Amino acid sequence: MTRGNWERWGAADERGALNWIGPEHVVSAARLVRTGRIYPLAVRLGRDTPTPAERAHPLHFMVRDGGDYAAGGRRPGGFQFSDDAIVLATHTGTHMDALAHCWTDDRLYNGFPGNSIRSTTGAAHCGVDKVGAVVGRGVLLDVAGHLGKPHLETGFEITPDTLAACAEAAGVRVGRGDVVLIRTGWQSASGENGPDAFRGEPGPGLSAARWLTGLEVAAVGADNYAFEVLPPPAGTVFPAHLHLLRDFGTLIFEGLMLEDLACDRIAQFLFVATPLPITGGVGSPVAPVAIV
């Protein structure tokens, strides 16, 4: 059964709501750059990166280092070098959920079959390799700041009324092709909560997700770990994820660092993020930036 944005851009479409971002949107977003200041929005990756129990912590290894030369490694022509490797789950730290990340009724976004995701090849459809660069107008809705809190509480559901009030207070109007980033304050609070940070969190509920897709945004993101409020309402499992990714093809960014933007009261900016083009990947680490 067709849902949301299914077939809006044709039966073969695998980019979803990113289709709302056209060249004119990019040009308009670029005009927001006045000072050239760049705000990094990604957390640092390392062994101490907060990670839920079901995913392994990032592992960073040196393949070649100074110790190799101290142990007698060859120096052809005096040349020395270092090399390293990293092992991590793609949904670790600051990352992007591809449209193939979750589904229901055995159908991905746009009706592609769920069994087209295989252990040997990954996602044949709607994978992160179909995304490309995400460049457009970013909008920050600082819910925690708007409510006068350093961070929202576990289980706090952000509603459409709250998002609309944040936008009005910030003097911005959310619209087609925007990348909407929601600050809950959870990234800074998670260090205090330790492992409990992954058992529950504040975030948008399904009604807020519907509000965002109704405004035809291109992508959404937040500074928590699963974008939406946890635990979810009884009888549901990640309803906002299913609505956004599966029904409307709206990308989700998670684990963002939004404190500096909020501190400087930056409400709109040029947003730039590019996932690793992992063939068949269903997610990717990203290092987004906001430019003002």
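The values are calculated or read from the model by the stated rules, or taken from the named source; none is laboratory data. Quick caveat: nothing in here was measured; it's all calculated off a predicted structure. Here Cβ is always computed from backbone atoms with ideal geometry, including for glycine, and neighbour counts include all displayed protein chains. With ligands, DNA and RNA removed, areas are computed over all heavy atoms of the protein, side chains included. Shrake-Rupley method; radii C 1.70, N 1.55, O 1.52, S 1.80 Å.
Summary of values
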quantity	calculated
Residue, most open to solvent (accessible area, probe 1.4 Å), within region 204-241, restricted to residues that are on the phi > 0 side of the Ramachandran plot and modelled with pLDDT of 95 or more	Phe238
Residue within region 247-257 that is more than 23 Å from Phe156 (Cα to Cα), open to solvent by 20 Å² or more (accessible area, probe 1.4 Å), out of contact with any strand residue (DSSP E or B) (no Cβ under 8 Å at 6 or more places or on another chain) and not small (Gly, Ala, Ser) present	yes
Residue in region 20-27 that is in a helix (DSSP H, G or I), open to solvent by 80 Å² or more (accessible area, probe 1.4 Å) and free of Cβ contacts under 8 Å to residues at least 12 places away in the same chain present	yes
Matching option when the condition is in contact (Cβ under 8 Å) with a residue 40 or more places away in the chain, within 24 Å of the chain's Cα centre (by Cα) and open to solvent by 70 Å² or more (accessible area, probe 1.4 Å), among Arg55, Arg37, Arg8	Arg37
Residue that is in contact with a Lys or Arg (Cβ under 7 Å, 6 or more places away or on another chain), under 29 Å from Gly22 (Cβ atoms) and of a type in the set (A, V, I, L, M, F, W, C), where the choices are Ala133, Ala167, Ala208, Ala124	Ala167
Complete set of residues in region 91-126 that are in a helix (DSSP H, G or I), crowded, with 20+ Cβ neighbours inside 10 Å and not hydrophobic (A, V, I, L, M, F, W, C)	His101, Tyr109, Asn110
Matching residues in region 44-82 - criterion: being touching an Asp or Glu at 6+ places or on another chain (Cβ under 8 Å), of a type outside the set (Phe, Trp, Tyr) and not in a loop (DSSP other than H, G, I, E, B)	His60, Met62, Val63, Arg64
Within region 175-292, helices (runs of 4 or more DSSP H) holding 3 or more residues that are under 21 Å from Gly93 (Cβ atoms)	186-193, 259-263
Number of positions in region 142-171 that are touching a residue at least 40 places away in the same chain (Cβ under 8 Å), among the aliphatic types (A, V, I, L, M) and open to solvent by 20 Å² or more (accessible area, probe 1.4 Å)	2
Some residue of region 132-142 being at pLDDT 95 or above, in a loop (DSSP other than H, G, I, E, B) and under 21 Å from the mean Cα position of the chain (by Cα)	yes
Every pair of residues 6+ apart whose Cβ atoms lie under 9 Å, when the first sits in region 197-225 and is free of Cβ contacts under 8 Å to residues at least 24 places away in the same chain while the second is open to solvent by 10 Å² or more (accessible area, probe 1.4 Å)	Gly214/Pro160
Out of Ala71, Ala123, Ala100, sole residue that is within 24 Å of Asn224 (Cβ to Cβ) and hydrophobic (A, V, I, L, M, F, W, C)	Ala100
